[in-house]
Structure formats: structure tokens, C-alpha cells
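Step one of this worksheet: look at the structure below.
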Amino acid sequence: MNGKILALSLCVALTIFSGAAPAEPGYSFNAPREAAAKVETNPIQPSAPRRSDFRETALTHAGARIAAWKSTLKTMFDPHIVAQNCLATAVYFEARSESQLGQMAVATVILNRAKASNYPSSICGVIYQGAHRPNACQFSFACDGQSDIPQDARAWEAAVEVAALALAVAGATHYHADYVDPSWSKSLHRLTKIGRHIFYSQG
């Protein structure tokens, strides 16, 4: 796997993981004994949590984080997710200042190249073709020596949305309005619904 693609996947995973199960503030194992004794003997205040309660809470958070890591690692290398992340990255760096239509056009070019015989057959392969040669790649952001980690969260969300939409309809061969139910739709694979239209592929 291309190093840039792997790095992108790991960064996405770490972003997801960092917000998966935040530790709750205010827990400390080093409270002075005198302070703990005061709290325990003061009838107005509730008794201090026991050390075992702290340990239980810490274990719960650790378990949640491990579960989040497992889920993240499982999906991180899912081919569809990797392809979507690559496509979103290209849309972000190549066209984030464009309208959604302009971004969709860039995504379409990449998808068309992946289908063409004279380009790599994968979306990530198309985007990072020639990335190992400085300033000699197909998409300038891939070999300009700069970080490929998006910095603008709103623009990144928009790019992900465009990438997901482009991939959803990439193989579409049929569609119909949602207020009709044609008999042929039963034999096709439903891809997605956009507005009032439902899209299908033959595969």
C-alpha cells in the first residue's frame, strides 16, 4: 500500500479515535488523606468516591477506547472507506474553493480515470500516481512535499460528502422518482436516494 495512503488512513483513524471516548475530567487518585477524611465526616457533603470506583471508571473508559480502536482499525482498511478517503482528499486539495458542482466534476474525472485502461485501476492509485516523484504526479497536492492532512474541518466535511455522493452513483445505470415503483427496480441493486430520485446499478 502506498505510504501516503497508509498515512492518510492512520490519520483518519486517530481523528476518529481521539473523540471516541473522552476521559471524564475531575478524577484524581492523589487527593490528600486529610481532605478525603473531611469529606467523609461532613454530613452535608456526599462521601468521597472509593478508590475502587475510580478504578472501575478507568477500566470502563479503557474498555471503551479499546472497542473504539478495534472498530476503527476494522473499518480503516475497508476498501470502500479507503477509496472514499482518497477521493475526499483529492476533492479537498484540488477543489475545496469550488462549488459542490465543481468538486463533483473533479471527483468524476478521478472515477473515470479509474475505469480507463491507461490509468491505475483503483481510485487511490489514480490520485497518487507518480506521487513518489517530486512535482511529477497527476494531482499536484500528492507530490508537492506538503502535508496531506486537511486543516479546514468544514471544507473536509464537504469534500467527504461529495466523495460519498460520487461513489454512490458511480455505477448507477437506472433511476426513478420516489413516487413510482417500476417493476424493473426489483431486479437491480439500489445504490442511494438523492432528492426525489432513487438510483440503481445492474451489479
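The values are calculated or read from the model by the stated rules, or taken from the named source; none is laboratory data. Bear in mind that the values here come from a model prediction, so they are computed numbers and not experimental data. Counting neighbours? That spans all protein chains shown, and the Cβs are built from the backbone with ideal geometry, glycine included. Just so you know, the surface numbers come from the protein's heavy atoms only, side chains and all, with ligands and any DNA or RNA stripped out. Shrake-Rupley method; radii C 1.70, N 1.55, O 1.52, S 1.80 Å.
Looking across the range 158-177, the residues that are out of contact with any helix residue (DSSP H, G or I) (no Cβ under 9 Å at 6 or more places or on another chain) and either open to solvent by less than 50 Å² (accessible area, probe 1.4 Å) or not in a loop (DSSP other than H, G, I, E, B) (or both) come down to 168, 169, 171, 172, 177.
When each of 154, 196 is tested for being more than 16 Å from residue 100 (Cα to Cα) and among the basic types (Lys, Arg), the lone residue that passes is 196. Among the residues of the range 114-146, those that are assigned to a helix (DSSP H, G or I) and open to solvent by less than 40 Å² (accessible area, probe 1.4 Å) comprise 114, 123, 124, 125, 126, 127, 141, 142, 143. Cβ-Cβ distances below 8 Å connect the following pairs, each with a first residue in the range 124-151 that is farther than 13 Å from residue 90 by Cα, a second residue that is not in a loop (DSSP other than H, G, I, E, B), and a separation of six or more residues or different chains: 130/142; 130/143; 132/143; 133/143; 134/143; 135/143; 136/143.
If you go through the range 96-123 and pick out every residue that is free of Cβ contacts under 8 Å to residues at least 12 places away in the same chain and among the hydrophobic types (A, V, I, L, M, F, W, C), you end up with 4.
Filtered by the rule that a residue be in contact with a Gly (Cβ under 6 Å, 6 or more places away or on another chain) and either open to solvent by 20 Å² or more (accessible area, probe 1.4 Å) or modelled with pLDDT under 95 (or both), the range 81-113 gives no residues.
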